[in-house]
Amino acid sequence: MTPEPDTDTVTLAHGNGGRLMRRLIESVFVRHLGNPWLAPLADAAVLPPFMEDDQELVFTSDGVTVQPLFFTGGDIGSLAVHGTVNDLAVAGATPRYLSLNAFLEEGLSLAELERIVESLAAAARACEVQVVTGDTKVLPRGLCGGAYFGVSGIGLRPRGLALGAEGIRAGDAVLVSGPLGDHGIAVMLAREAFGLGGTLASDSASVLPLTRALLDLAGLRFLRDPTRGGLATVLHEVIHATGLGVTLEEARLPIRGAVRSACDMLGYDPLYIACEGRVVAIVAEDEADEALRRWRALPQGHEAQRVGTLDPHHDRLLLVNDWGGERLLQELEDDPLPRIC
């Protein structure tokens, strides 16, 4: 008789499609994420009618990897939900359904997996989305850092809503919804790298309230969540798409002291560090103050700032200080903090 595998950790047998895999899916994933469309043996979900004539479908897909799996302010489970929900939100959509592909490493403790899936389920409930289908694979020890997730999402937005670089004009305002770099630095501190520690929390959260607050503004041009590569990378994408430059005002950039200190010590620039609960908006000049007012009325937007302007006089990303000094911010090439989202 074959001995029962160690059931305190994920084993290769949990991915073989047999009894242990069924038990894992039922006892962890279905128990926390279960709904009428998530069945242990179903490879596809049949969704009820949920679309009106004045709406259009928005679809996105995301891969999630972070080390460590748990950090102050979040974990890979909540991050998996927030990343996909936020990609839909900045497209102007209301998220409705998610699929979840879990890639688990042999040796991951079942207690840790339980914590991750419980957090993922709580984030989904808070975002009012449902995980309706998925898949589980187990990889040999040493291949995936504990767990990876692939998440796809479906949302709905008003038909004809246009949010993109093609609408951006010279003189438009660049807004950010809150402090920059919190997520990336929180993850780095959780690694206890370089002997550093601290209590800075990741900003991992749904940005849906922030995006909803601006969608009826006629002058709203563009929304984006500044994840990998941070604010600077989002703005370089805008520059490439429009041919316009962006001038940032250093004094207006919302960056926490802990983030600045960590970046100064380690040679990082917070403008290139990932956020997971912030929004970059580009708005017509005459509606910038109204957009800021709306954001600052929300708990997650009370530190929002106007940080820059679309400039027709150059095609670069320039940072200007109070004394008129300028620094050219180049496009990111190296990844300063791997596995942060």
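The values are calculated or read from the model by the stated rules, or taken from the named source; none is laboratory data. Bear in mind that the values here come from a model prediction, so they are computed numbers and not experimental data. Heads up, the Cβs are rebuilt from the backbone with ideal geometry, glycines too, and the neighbour counts pull from every protein chain shown. Quick note on the areas: whole protein, heavy atoms, side chains included, nothing else; ligands and nucleic acids left out. Shrake-Rupley method; radii C 1.70, N 1.55, O 1.52, S 1.80 Å.
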**Prompt:** Where residues in region 209-231 are of a type outside the set (A, V, I, L, M, F, W, C), at negative phi and part of a loop (DSSP other than H, G, I, E, B), which of them is surrounded by the most Cβ atoms within 10 Å (Cβ to Cβ)?
**Reply:** Pro226
**Message:** Given the options Leu47, Leu69, Leu79, Leu57, name the one that is open to solvent by 50 Å² or more (accessible area, probe 1.4 Å), farther than 16 Å from Thr136 by Cβ and modelled with pLDDT of 90 or more.
**Reply:** Leu57
**Prompt:** Any idea how many residues of region 99-109 are hydrophobic (A, V, I, L, M, F, W, C) and open to solvent by 40 Å² or more (accessible area, probe 1.4 Å)?
**Reply:** 1
**Message:** Can you name every one of the strands (runs of 3 or more DSSP E) wholly within region 113-190 that holds 1 or more residues which are open to solvent by 30 Å² or more (accessible area, probe 1.4 Å)?
**Reply:** 130-139, 147-158
**Asked** Quick one: is Glu237 farther than 17 Å from Ala170 by Cα and among the charged types (D, E, K, R)?
**Response** no
